[in-house]
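Asker: Quick one: this structure, given as structure tokens, is what I'll be asking you about.
The values are calculated or read from the model by the stated rules, or taken from the named source; none is laboratory data. Quick caveat: nothing in here was measured; it's all calculated off a predicted structure. Methodologically, a virtual Cβ is constructed for each residue, glycine included, from the backbone with ideal geometry; neighbour enumeration extends over all protein chains shown. Surface accessibility is based on the protein's heavy atoms, side chains included, excluding ligands, DNA and RNA. Shrake-Rupley method; radii C 1.70, N 1.55, O 1.52, S 1.80 Å.
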Amino acid sequence: MDRKTKILLNVAAAAVLSLFLWWAQESFGGYRIQILNLIAINAILALSLNLIYGFTGMFSLGHAGFMAIGAYTCSILILPETQKEMLFILVSPYSWVQAAQAPFFLAVIGGGLVAAFAGLLVGIPLLRLGDDYLGIATLGFAEIIRVLANNIPRLTNGALGFKGIPDYANIWWNFGWFIITLYCIARIINSNLGNVFMAIRDDEAAAKAMGINIFRYKLLSFTIGAFFAGVGGALLASLLTTIDPKMFLFTLTFNVLMIVVTGGLGSLTGSVLASIGITILMEWLRFVESPIFIGSFELKGIPGMRMVVFSLALLFIILFRREGLMGMREFRWDWLFGKFSKRGSANGS
Amino acid sequence: MSLAMFVQHLLNGVTLGSLYALIAIGYTMVYGILRLINFAHSEIFMLGAYFVFWGIVLLHLPWAVAMVVAVIVVGALGVLVDRIAYRPLRDAPRISALISAIGVSFFLQNLAIVVFSAIPREVYRPDWLENAIVVGDIRVLPLTLFVPVLSFLLMMGLVFIVYKTKPGLGMRAISKDIETSYAMGVPVNRVIAITFGIGSALAAASGIMWTLRYPQLQPVMGMIPGFKAFIAAVVGGIGSIQGAVIGGIGLGLIEIMAVAVFPDLAGYRDALAFILLIGILLVKPTGLLGEKLEDKV
């Protein structure tokens, strides 16, 4: 199959997706739309973590930190000035926080860029560390970001956080960003740069011996991942319309990690599929946590049950199917058509 | 700062520090042997405190008995966690075991929310721990003496096990070279199980004493102390028991003293440990007493 057909097929797939979204927007209720939105955002986050961890082999647990940076940056840029005046009741914001304004698209990019800058800044010292040390240090970074958000009320409104963030992030924005993320990361993975990343993941010493400047490429991968994590955080802020420091606990990173591991480390297809599956499952399992009414009889919900199920699922995957849903395989058009033609020839003979 | 205040802060710091140190020992022993950050350790810490609570409330055990029972039960639980979640992954890449550990941690924490509910609970404290002893201008809570002394005794017991008994010899052998230990006939899996048991029991003891100091039970109470104790272990040099003790007590002292000297920093207290960690990792990645781990090619 030549390049042109593939591009055509990709465009066709995007068109089918947008047709589906258009149909969903017309016929789905608000709740289902919300799930679709969360799928797109989770996919963005999972793809970015997969780039860092699945493709470059850097065990980073700092995703919540980058998301927080993206979310706060974007919120400050899109909150109307009057809303800001209402929000900052305890202390007045810095004048530049009060004045900062940008259209939504630029605000999301801004969130991504600030997160990427933070990634660059912490990456320079931290990426020299080995895998589990890196994990704990990036976790520390995320924790520091959260503490900072709590303690700089003039910038972040402290523990109160932001409310009434404009809900610009509809399915078009979210899926648009999802497509952008998927396209960018897939292009990177299939380029020479992607080969370098995977060489570092598979054998750092050998990659070094081949003359690859390991540190520089690790930093590049980390920064790109941080950018998209920031974008995901920005979209999430606008989707949920409220953010506060408590939202960016380690649990958030855990959810993204779970999606990536379930889908398969080093498989973009896996990350996307797992985002769909896990997001739906997560929403569906909400019913066990909320009270159920049967006539006048009330069954009490069981808070915490959802995460019990998910942590068990993660354990099962890591113990019994370590490669996840897809392993390192990807969806390819050749593979799809190969299946069809094989079946066709089998029928013919 | 007056001398009396200083002594009080010092005692508070040592108390907090010895609690960190007890948790850090469990991290450092497991890491020394398996090169695994046992994320579930902070949940083990939490469960120790809960088991005492339920031992007193449900089984009407006397306080001291409930403590001993909880420590033993939690030690067994630590062995069970190793058997189910870590042993099948001995030959897997290290990161798989790490993800498994994160999974166990979340599982235990949320199971605690389901079973014990997330509502914070008050903890029983014997009166004699709270009646302050007054020496001159210095007011001392017996608690701030009780915790360090008991911790010290537990650590002495641990040092005895590690340096004077056969399983201890096995632990030291495995931490040097696991393959050779297998070949020399060390019952590796049993020694690792013992390590988990001891480490978990110490974490449970720490959790129980933690609730004496900060008398509130919550399913998420283990997370922050757990992370900080891990940091203490890294700062002291992971794999080294002495390092874990020094790191733990040092971290406790720094936290209390920093907030005492600069009250404005109180909000940043939880970030202090992480800043210390990142600083240490940059200057001396193996920690204060750690041995250099060579990357094997």
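Asker: Would you check which residues across segment B:255-272 are closer than 18 Å to B:TRP210 by Cα and either crowded, with 22+ Cβ neighbours inside 10 Å or not charged (D, E, K, R) (or both) and list them?
Answerer: We begin by selecting, within segment B:255-272, every residue closer than 18 Å to B:TRP210 by Cα; these are B:255-256, B:269-270.
Selection gives B:GLU255, B:ILE256.
Asker: Something else: Would you be able to say whether some residue in segment A:154-177 is part of a helix (DSSP H, G or I), closer than 25 Å to A:ASP244 by Cβ, touching a residue at least 12 places away in the same chain (Cβ under 8 Å) and within 11 Å of chain B (Cβ to nearest Cβ)?
Answerer: The answer is yes, given that some residue of segment A:154-177 is part of a helix (DSSP H, G or I), closer than 25 Å to A:ASP244 by Cβ, touching a residue at least 12 places away in the same chain (Cβ under 8 Å) and within 11 Å of chain B (Cβ to nearest Cβ).
Asker: Please determine, by comparing only the residues of segment B:73-86 that are farther than 15 Å from B:PHE45 by Cβ and open to solvent by less than 10 Å² (accessible area, probe 1.4 Å), which one is farthest from the other protein chains (Cβ to nearest Cβ). Steps first, answer last, please.
Answerer: Here is the first cut: in segment B:73-86, the residues farther than 15 Å from B:PHE45 by Cβ are B:76, B:79-80, B:82-86.
Those still in the list that are open to solvent by less than 10 Å² (accessible area, probe 1.4 Å) too: B:82, B:85-86.
Working: B:ASP82: 13, B:ALA85: 6, B:TYR86: 10 Å.
Only one residue fits best here, namely B:ASP82.
Residue-wise test of (1) closer than 20 Å to B:GLU43 by Cα; (2) out of contact with any helix residue (DSSP H, G or I) (no Cβ under 8 Å at 6 or more places or on another chain); (3) of a type in the set (Gly, Ala, Ser).
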residue	(1), (2), (3)
B:ILE224	yes, no, no
B:GLY243	no, no, yes
B:ILE246	no, no, no
B:ILE249	no, no, no
B:ILE254	no, no, no
B:ALA260	no, no, yes
B:LEU265	no, no, no
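Asker: May I ask you to list the residues in segment A:32-54 that are crowded, with 24+ Cβ neighbours inside 10 Å and not polar (S, T, N, Q)?
Answerer: A:ALA40, A:ILE41, A:ALA43, A:ILE44, A:LEU45, A:ALA46, A:LEU47, A:LEU49, A:LEU51, A:ILE52, A:TYR53, A:GLY54
Rundown of residues vs (1) at pLDDT 95 or above; (2) among the small types (Gly, Ala, Ser), yes/no style:
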position: A:ASN195; (1), (2): no, no
position: A:ARG201; (1), (2): no, no
position: A:ALA205; (1), (2): no, yes
position: A:LYS208; (1), (2): no, no
position: A:GLY211; (1), (2): no, yes
position: A:ARG216; (1), (2): no, no
position: A:PHE228; (1), (2): yes, no
position: A:ALA234; (1), (2): yes, yes
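Asker: Scan segment A:236-281 for residues that are more than 19 Å from A:MET328 (Cα to Cα), at pLDDT 90 or above and not in a helix (DSSP H, G or I) and jot them down.
Answerer: Within segment A:236-281, A:THR241, A:THR242, A:ILE243, A:ASP244 qualify.
Asker: In addition: Pick out the one residue from B:ILE254, B:ILE275, B:ILE238 that is closer than 30 Å to A:ILE124 by Cβ, β-branched (Val, Ile, Thr), within 13 Å of chain A (Cβ to nearest Cβ) and not in a loop (DSSP other than H, G, I, E, B). Lay out the reasoning, then the answer.
Answerer: Numbers: B:ILE254 fails: within 13 Å of chain A (Cβ to nearest Cβ); B:ILE238 fails: not in a loop (DSSP other than H, G, I, E, B).
Criteria check complete, one pass: B:ILE275.
Asker: Check segment A:65-74 and report whether any residue there is among the small types (Gly, Ala, Ser), buried (at least 19 other Cβ atoms within 10 Å of the Cβ) and part of a loop (DSSP other than H, G, I, E, B).
Answerer: So in segment A:65-74, the residues among the small types (Gly, Ala, Ser) come out as A:65, A:68, A:70-71.
Next, only the ones that are buried (at least 19 other Cβ atoms within 10 Å of the Cβ) stay: A:65, A:68, A:70-71.
Filter once more, so that each one left must be part of a loop (DSSP other than H, G, I, E, B): none.
No - not one qualifying residue is present in segment A:65-74.
Asker: Now for a different question. Considering each residue of segment B:115-138, count those that are open to solvent by less than 70 Å² (accessible area, probe 1.4 Å), in a helix (DSSP H, G or I) and within 14 Å of chain A (Cβ to nearest Cβ), and give that number.
Answerer: Of the residues in that region, 1 qualify.
Asker: Can you name the residue in segment B:87-114 that is part of a loop (DSSP other than H, G, I, E, B) and within 16 Å of B:ILE37 (Cβ to Cβ) and, of all such residues, is farthest from the other protein chains (Cβ to nearest Cβ)? Before the answer, list the steps.
Answerer: So the first thing to find is which residues in segment B:87-114 are part of a loop (DSSP other than H, G, I, E, B), and the list is B:90-93.
Now restrict to residues that are within 16 Å of B:ILE37 (Cβ to Cβ): B:90, B:92-93.
Details: B:ARG90: 12, B:ALA92: 6, B:PRO93: 8 Å.
The extreme case among them is B:ARG90.
Asker: Let me ask another. Test B:ARG94 against the stated conditions and say whether it is basic (Lys, Arg), loosely packed, with under 15 Cβ neighbours inside 10 Å and touching a residue at least 12 places away in the same chain (Cβ under 8 Å).
Answerer: Working: basic (Lys, Arg): yes; loosely packed, with under 15 Cβ neighbours inside 10 Å: no; touching a residue at least 12 places away in the same chain (Cβ under 8 Å): yes.
So B:ARG94 does not fit the description; no.
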